[in-house]
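Following: one structure in structure tokens, then a few remarks.
The values are calculated or read from the model by the stated rules, or taken from the named source; none is laboratory data. A quick note: this is a predicted structure, and the numbers were derived from the prediction, not measured. Every residue, glycine among them, receives a Cβ derived from its backbone with ideal geometry; neighbour counts consider all protein chains shown.
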């Protein structure tokens, strides 16, 4: 009888906690989405800073990207990339000029190991990609000139893959 009583009490606590979590999620969902959208907009401006305006484009394969323009001149393109790292998806925003040379990059989402894989967000690692053309995107461990993060090879490779995969999609659109 005592075990049943304790089980019912535990079940009541779990139900209350579950309902409370559901309410908090519902209340904060809209705000969380707004913050994520603002962070993405800010990252877009950072990766192609000379552009005055960004025109959103969605191609036939649902690949979304932006054309960065200044006046009537096309300065480049901004797009998202995503690849699975050691413990999470690593999402990046990349800005390239019209010759597909990387002009800026920001990691907008990752939950990699703190102090190791999370270093993909560090400016030092991101600078490895700047002014690299799509032809020379390789990690140092594979004979390239992008310095991988010591102890976080998987996260480094995933970041590179996120850039390469989405850059290849963009090149396929413009090099047809």
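Computed quantities for the displayed model
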{"read-out": "Leading residue by the ranking (surrounded by the most Cβ atoms within 10 Å (Cβ to Cβ)) among those in region 127-145 that are assigned to a loop (DSSP other than H, G, I, E, B) and over 21 Å from the mean Cα position of the chain (by Cα)", "value": "144"}
{"read-out": "Any hit, region 51-59, residues being in contact with a strand residue (DSSP E or B) (Cβ under 7 Å, 6 or more places away or on another chain) and under 30 Å from residue 154 (Cβ atoms)", "value": "no"}
{"read-out": "Checking residue 36 against (1) at pLDDT below 90; (2) surrounded by 11 or more Cβ atoms within 10 Å (Cβ to Cβ); (3) over 17 Å from the mean Cα position of the chain (by Cα), the condition it does not meet", "value": "(3)"}
{"read-out": "Residue identified as part of a helix (DSSP H, G or I) and surrounded by 19 or more Cβ atoms within 10 Å (Cβ to Cβ) among 156, 148", "value": "156"}
{"read-out": "Verdict on residue 86 being under 28 Å from residue 154 (Cβ atoms), in contact (Cβ under 8 Å) with a residue 24 or more places away in the chain, buried (at least 16 other Cβ atoms within 10 Å of the Cβ) and out of contact with any strand residue (DSSP E or B) (no Cβ under 8 Å at 6 or more places or on another chain)", "value": "yes"}
{"read-out": "Flag if residue 173 is in a helix (DSSP H, G or I), within 23 Å of residue 48 (Cα to Cα) and in contact with a strand residue (DSSP E or B) (Cβ under 6 Å, 6 or more places away or on another chain)", "value": "no"}
{"read-out": "Given (1) surrounded by 14 or more Cβ atoms within 10 Å (Cβ to Cβ); (2) modelled with pLDDT of 90 or more, index of the condition residue 117 fails", "value": "(2)"}
